[in-house]
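Down below is the structure, laid out as structure tokens.
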Amino acid sequence: MTHWRHAEATDTGLVRQSNQDAVYVDDSLAIVADGMGGHAAGEVASEMTIEIMCSGFVDHRTVEGLYNAINAANISVLNDARENPNHFGMGTTVIALGLTVDDEGVTSPTLCHVGDSRAYQLRDGALRQLTEDHSVAEEWVRMGRLTPEEAAVHPRRHQLTRGIGVEETIAVDVISVHALSGDRLLLCSDGLSNELDNDTLARLSSAPFTLEESVLQLIEAAKEAGGRDNITAVLVEFDEVSVASAPIKRTISSTTPPVARAAAPAKSIRRKRRRLSWRTPAALLIFIGVFVGAYFVVHWYAYSTYYLGSDTGTVAVYQGQPSGILWFKPIKVADTNYQVSALRNTDQSQLSQTIPEPTLAAAIDYATYLCSQAKSCNASIPSSTTTTSTTTTLKKG
């Protein structure tokens, strides 16, 4: 049998106007969700995720039940965003700790997570991170493209590679927790982990502080360190704990939901057309409107990003997706005087795979950064007048 005690706290922080974090804890389930999206959309996504997960896990207290609850929350957030234009682009991270029952009847702690909210295990004052962030910078660390120190200050450290409400198919990291009586687990949003280092997290989360004292002083310490984001902390302490008879540590991915059901309403639509002839031109106009709208959406997406690449041995800036989208191919918008051969070998390797950046200025800044790392690079960046002129001409074309 596994049993824990718990405490939790959340705070808006010192910069944000609203708290888009959501938290839930009871005797068998703990969840932290960090919402994202304009206006109140992030708050909607995080609260919806927790509500759906709680109701889903109550009925099925298994590893599969915990995963299925996350998958159900993902589909619900996506559907809500489609039905409500004000919620377009909303999403959330989620990290959940559940007491799951396996086939042998053993109740043990299981972690599921998507995004960059984190889980830490504390034992005798020592802290160990259990989860890996699903962010661009951390993925690059795992690929060897960045060091942990570089990732901590990289402009893409907050850009997620996974999240609830992002895609129909979702990949969830599932981990069986090996714990002892007296161990504590800290679940938190990045508003806490970004502000405090591991030593501070360990000191404030451990005995002799009670669980209630720990979560409150963690929040206050994060605010004193800047409080630039919403801050949420959950602490659980195990009084008794069992280990799963078949521990698991893997990523589980959902499959794309079937779409065959969409054919059912077709008959009733055709019957209405026979009786109401005005629907034919109306449907045609709607189709044209959707097609035109889709064209502009694809065009916007195709040219919404920039990347660094090689142009006959010179570092160049391109606008668009590296492989192109449909008939929208990437366009070179700026040349630099930086020679690829002058860069470090690791940077040359990155450049051969293209280096994405969100804006033209960011791309040029990163090209300058690459050059500064190479001792033999003496060239200068292109003037802002030339770059602006080139970009404006391309947009008009």
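The values are calculated or read from the model by the stated rules, or taken from the named source; none is laboratory data. Just so it is clear, the structure is predicted and the values come from calculations on it, not from any experiment. With ideal geometry, Cβ positions are generated from the backbone for all residues, glycine too; neighbour counts draw on all protein chains shown.
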**Study point:** Residues within segment 107-135 that are out of contact with any helix residue (DSSP H, G or I) (no Cβ under 9 Å at 6 or more places or on another chain) and among the β-branched types (Val, Ile, Thr), tallied
**Key:** 2
Review point. Tell me, which residue of segment 1-19 that is over 25 Å from residue 238 (Cα atoms) and hydrophobic (A, V, I, L, M, F, W, C) is surrounded by the fewest Cβ atoms within 10 Å (Cβ to Cβ)?
Key: 15
Point to revise | Sole residue being modelled with pLDDT of 95 or more, surrounded by fewer than 15 Cβ atoms within 10 Å (Cβ to Cβ) and over 16 Å from residue 119 (Cβ atoms), chosen from 55, 46, 28 | key: 55
Check your understanding: Mind checking which pairs have a first residue in segment 331-356 that is assigned by TED's automatic domain parsing to the domain that holds residue 317 and among the aromatic types (Phe, Trp, Tyr) and a second that is assigned to a strand (DSSP E or B) and surrounded by fewer than 17 Cβ atoms within 10 Å (Cβ to Cβ), Cβ under 7 Å, 6 or more apart or different chains?
Key -> 338/314
Review point. What are the residues in segment 183-226 that are without any contact (Cβ under 8 Å) to a residue 60 or more places away in the chain, outside any helix (DSSP H, G or I) and either not hydrophobic (A, V, I, L, M, F, W, C) or not assigned by TED's automatic domain parsing to the domain that holds residue 108 (or both), if any?
Key: 194, 195, 197, 208
Revision key, fill the gap. Within segment 128-159, of all residues that are surrounded by 13 or more Cβ atoms within 10 Å (Cβ to Cβ) and modelled with pLDDT of 90 or more, the one nearest to residue 37 (Cα to Cα) is 134
Practice item. Kindly establish whether residue 196 is farther than 18 Å from residue 98 by Cα, modelled with pLDDT of 95 or more and in contact with a helix residue (DSSP H, G or I) (Cβ under 9 Å, 6 or more places away or on another chain). Key: yes
Practice item. Kindly provide the set of residues from segment 159-218 that are among the hydroxyl-bearing types (Ser, Thr, Tyr) and within 27 Å of residue 252 (Cα to Cα), ordered by number. Key: 161, 169, 176, 189, 193
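Being among the aliphatic types (A, V, I, L, M), out of contact with any Leu (no Cβ under 6 Å at 6 or more places or on another chain), part of a strand (DSSP E or B) and at pLDDT 95 or above: is that true of residue 7 here?
Values: among the aliphatic types (A, V, I, L, M): yes; out of contact with any Leu (no Cβ under 6 Å at 6 or more places or on another chain): no; part of a strand (DSSP E or B): yes; at pLDDT 95 or above: yes.
It is false that residue 7 is among the aliphatic types (A, V, I, L, M), out of contact with any Leu (no Cβ under 6 Å at 6 or more places or on another chain), part of a strand (DSSP E or B) and at pLDDT 95 or above.
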Review point. Which ones in segment 364-397 are closer than 21 Å to residue 303 by Cα, surrounded by 17 or more Cβ atoms within 10 Å (Cβ to Cβ) and modelled with pLDDT of 80 or more?
Key: 364, 366, 367
Review point. What is the residue count in segment 42-96 for residues that are under 17 Å from residue 169 (Cβ atoms) and aromatic (Phe, Trp, Tyr)?
Key: 1
Exercise for review: For segment 319-333, indicate whether the set of residues that are touching a Gly at 6+ places or on another chain (Cβ under 8 Å), modelled with pLDDT of 85 or more and either surrounded by 15 or more Cβ atoms within 10 Å (Cβ to Cβ) or assigned to a strand (DSSP E or B) (or both) is non-empty.
Suggested key: yes
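Need at least 3 residues that are under 21 Å from the mean Cα position of the chain (by Cα) per element, so show me which strands (runs of 3 or more DSSP E) inside segment 53-162 make the cut, counting only ones lying wholly within it. Break it down into steps so the answer makes sense when it comes.
Details: elements: 94-101, 107-114, 118-123, 126-129.
Fully inside segment 53-162 and qualifying: 94-101, 107-114, 118-123.
Say whether the condition of being under 22 Å from residue 230 (Cα atoms) and either aromatic (Phe, Trp, Tyr) or in the same structural domain as residue 178 (by TED's automatic domain parsing) (or both) is met by at least one residue in segment 57-68. Before you say what the answer is, go through the steps one by one.
To start, the set of residues in segment 57-68 that are under 22 Å from residue 230 (Cα atoms) comprises none.
No.
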